[in-house]
Amino acid sequence: MDAFFASVEQKVNPKLRGKPIAVIGSGGRTVVTTRSYEARKYGVKTGMNIYEAKKLCPDLILVVGDNEKYTYTCTELSVIYNRYTPDIEIYSIDEAFLDVTTTHHLFGGPEAIGSSIKKEVKDQFGINCTVGIAPNILMAKLASDIAKPDGLKWVKPEDAETLLKDLPVKELWGIGAATTERLEQLGIRTCAELGKAPVSLLRNKFGIIGEALKHMGQGHCDRPLIFKEEDPKSIGHSTTLAKDTSDREVINAELLKLSSMVGRRARKHGFVGKKVTLTVRYAGFETFTKQTTLQFHINSTHKIYHNAVDILDSIRLVDKVRLIGVSLSQLMRENEDQMALFNDDAKAKSMLKAVDSLNDKFGDFTVMWASHLKTMEPSNVISPAWKPGGVRNINIKK
Amino acid sequence: MKIGEDITVLAAFGMPYRIKPLSFTWSGRTIEIKEVTYTWKTKEGQKDLHHFSVTDGSTLFELTFDAVSLLWKIESVET
């Protein structure tokens, strides 16, 4: 999708159409999550704080994002994709890879599929998207980046060499600033140079990925699409507090809320975890994590919470806290048949089951710990890892 | 501005829109909808809520339709 969140907001509100807008979180200290193409002309970038953005573009209109609209749209977009192929990887909330190898002949070819999807997206949501078509996802992503906004580009195998000849390596998906800098140290600036570089040189500098980098320079990529989400390695939530604080009562209330969210998601998808990790970011952006490994696997809210609090108790906070996070890792599938060792565990499990089923029926946080009422409003910025299904599908509230 | 009041809505049900609000009465005034600018759906537990962002040409409203109670609400107004 082109400038996804901003495009949705411009479609929702006719007064925003054609104007420079930036979608921001709902917290007081938020950043630009997406900006319209009109705002990009002024140099407004994702991740900028609103003061920097306003300095570059004084007429910039700030719009608090509404994650419910975006997650719904993303889910509906996958319905459109499914009409053309069952082989889909939803890569992020606004990007998807479709393998049409076995279905394109039914729809008049890949280009016809691309055009049809663009039309359906425009007709149904009134927003634009760009389609890149190529023999692999590396080149398809490149084609899409080149064709933005509102474009369609098909890079055929015979076109790859010409396209990559003078293309800077940083334009390739997966080559970031650090890799670009290290390649430059080897005198490699273009994809063609990367493709021709000796494997031994690249291996020496980059280790095991050296050979893969050479292939990327040649426009090759053998990464298959990931159709089915793998079991997660961890389940976690974090929140930027409305204001920096050292107040342990406030921090503990946030920890309880985050532990509830982690526990509920783990129980919903049938996972238990053995490691609890606490993440703290100070006002000065210094961030650290501390973890504890337990003897047993858990997924109950109060056990996650108590372990997170124990970790926090073991730390001497040296500054006010800006962000706090809790995660559960070393996950395994929960064995429902496992009997609880102690009666209290069985009671707690039954209680959580009852709470979960009430929240399933009437909505999240219908039944909650009273301490949740002390929590501050979060900034409510959606994670880029959000997915329309599976364990990364988080019910987003406004 | 948040409102959250029950309202009466004249709507068309059927294809291709499924549900299309045409006008609504709020505070004794009937407002003709010129454009449904966006629609989306949320879940509150098992309950489906259909959201409609609509405009009369000058003001933007958010309406919701509760598929269980069959009631309409005006959720917010943005001038």
For the ranges A:316-324, B:4-12, B:52-60, what's the packing order if you count other beta-carbon atoms within 10 Å of each residue, average per peptide, and put the highest first? B:52-60, A:316-324, B:4-12
At most 15 other Cβ atoms within 10 Å and a DSSP loop assignment: could you name the trypsin sites (Lys or Arg not before Pro) in chain B that fit? B:34
Can you list residues whose amide H is under 5 Å from residue B:45's amide H, if they're 5+ apart or on another chain and H is modeled 1.01 Å from N? A:363, A:364
All-pairs alpha carbon distance profile, the protein assembly as shown, 10 Å steps from 0, percent: 4, 16, 23, 27, 20, 9, 2, 0
By per-residue mean of other Cβ atoms within 10 Å, what is the highest-first order of A:126-135, A:362-371? A:126-135, A:362-371
So what's the gap between the Cα centers of the stretch A:84-100 and the stretch A:240-313, to the nearest angstrom? 33
Cα gyration tensor shape for the stretch A:1-49, rounded if a/c is under 1.5, else prolate or oblate: oblate
Under a 10 Å cutoff between Cα atoms, tell me which one of A:335, A:252, A:359 has the largest fluctuation in the Gaussian network model of chain A. A:335
So what is the calculated 222 nm ellipticity per residue for chain A, using -39500 (n - 2.57) for each DSSP H run with n of 4 or more, over all residues, to the nearest 500 deg cm²/dmol? -11500 deg cm²/dmol
Normalised by the number of residues in chain A, what is the relative contact order in percent for Cα pairs under 8 Å and 6+ residues apart? 15
Residue A:190 long-range amide H proximity, modeled H, under 5 Å: A:169
From other protein chains only, count the Cβ atoms within 10 Å of every residue's Cβ in A:9-16, then give the mean. 5
What distance in nm separates the simple spin-label points at residue A:247 and residue A:226, each placed 7 Å from Cα in the Cβ direction? 4.0
Taking every residue in B:65-75, how many Cβ atoms of other protein chains lie within 10 Å of its Cβ, on average? 0
Expected output is a single nm value to one decimal: the length gained when fully extending between residue B:5 and residue B:25, i.e. 0.36 nm times separation in residues minus the C-alpha distance. What is it? 6.1 nm
With T = 37 °C, eta = 0.692 mPa s and Kirkwood Rh from C-alpha pairs, the Stokes-Einstein D of the stretch A:72-195 in µm²/s is about 210
Within 10 Å, count the other beta carbons around each residue, average over each peptide in A:175-188, A:70-83, and list them highest first. A:70-83, A:175-188
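Values quoted throughout were computed directly from the atomic coordinates according to the rules given, and no laboratory measurement underlies them. As the structure is a prediction and not an experimental result, all values here were calculated from the model. Every residue, glycine among them, receives a Cβ derived from its backbone with ideal geometry; neighbour counts consider all protein chains shown.
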